[in-house]
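Worksheet: the structure to be examined is printed underneath.
Please treat every number below as a calculation from the coordinates, not as lab data. Small disclaimer: the values here were computed from a predicted structure and weren't measured. Every residue, glycine as well, gets a Cβ built from its backbone with ideal geometry; the counts of neighbours run over all protein chains shown.
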Amino acid sequence: MSETTKFFNQPDSAYVAQRLRSIRRARKWTLQDVERESKGAIKAIVLGSYERGDRSVSVKKAIELATFYDLPVTQLFQDVPSANEESLTEVLLVIDLRSAARLAPTVAANYALISYLKAITQRRMDWNGEILSLRKSDLSNIALIVGMSDEETLRWLQNNRLLITSD
């Protein structure tokens, strides 16, 4: 029988277990934090079993977990890209995604910014959900999208309290 070339690798249950643990840990949550935040819908002992690979995750439970973590269910099964990209590029700004989520989406500039931040989050597979580091090129792209200069965009982000600074 001839050998065929595989164009992708299927994740196994150990990989899904590792992804569940890494997603939770990226948010700096304990198993008990998840149980508390989910108001008991996700039991710490059950999630721990999933993360250790002692228990298989059903499709229904995978969707529930992904919904709770506010990420596409596909992220439980996809590989995370190498983290070299972030270190190779200068980080210019850190955006508070919680504040961005509170912007009125009916304002065109707000809607454009929210859409752009969602796209960056998806592309980087960064589902932490609290902050997002932007690169120098991102500021220029946001400026183009909202129809302002880079300087005006920076002031606009500051005025809307979207920037996290070390001050």
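Could you tell me which of the residues 68, 77 is hydrophobic (A, V, I, L, M, F, W, C), over 19 Å from residue 131 (Cα atoms) and out of contact with any strand residue (DSSP E or B) (no Cβ under 8 Å at 6 or more places or on another chain)?
One residue alone meets the criteria, 77.
Of all residues being outside any loop (DSSP other than H, G, I, E, B) and under 21 Å from the mean Cα position of the chain (by Cα) in region 37-47, which is surrounded by the most Cβ atoms within 10 Å (Cβ to Cβ)? Just the residue, please.
Applying the filter and picking the extreme gives 47.
Looking at 112, 119, which is the one that is closer than 16 Å to residue 153 by Cα and not in a loop (DSSP other than H, G, I, E, B)?
Just one listed residue meets the conditions, 112.
Restricting the search to region 91-148, which residues are more than 13 Å from the chain's Cα centre (by Cα) and among the acidic types (Asp, Glu)?
Hit for region 91-148 is 138, nothing else.
Quick one: what pairs do we get from region 10-21, first residue touching a residue at least 60 places away in the same chain (Cβ under 8 Å), second acidic (Asp, Glu) and surrounded by fewer than 16 Cβ atoms within 10 Å (Cβ to Cβ), C-beta under 8 Å, 6+ apart or different chains?
Note: pairs meeting the criteria are 11/79.
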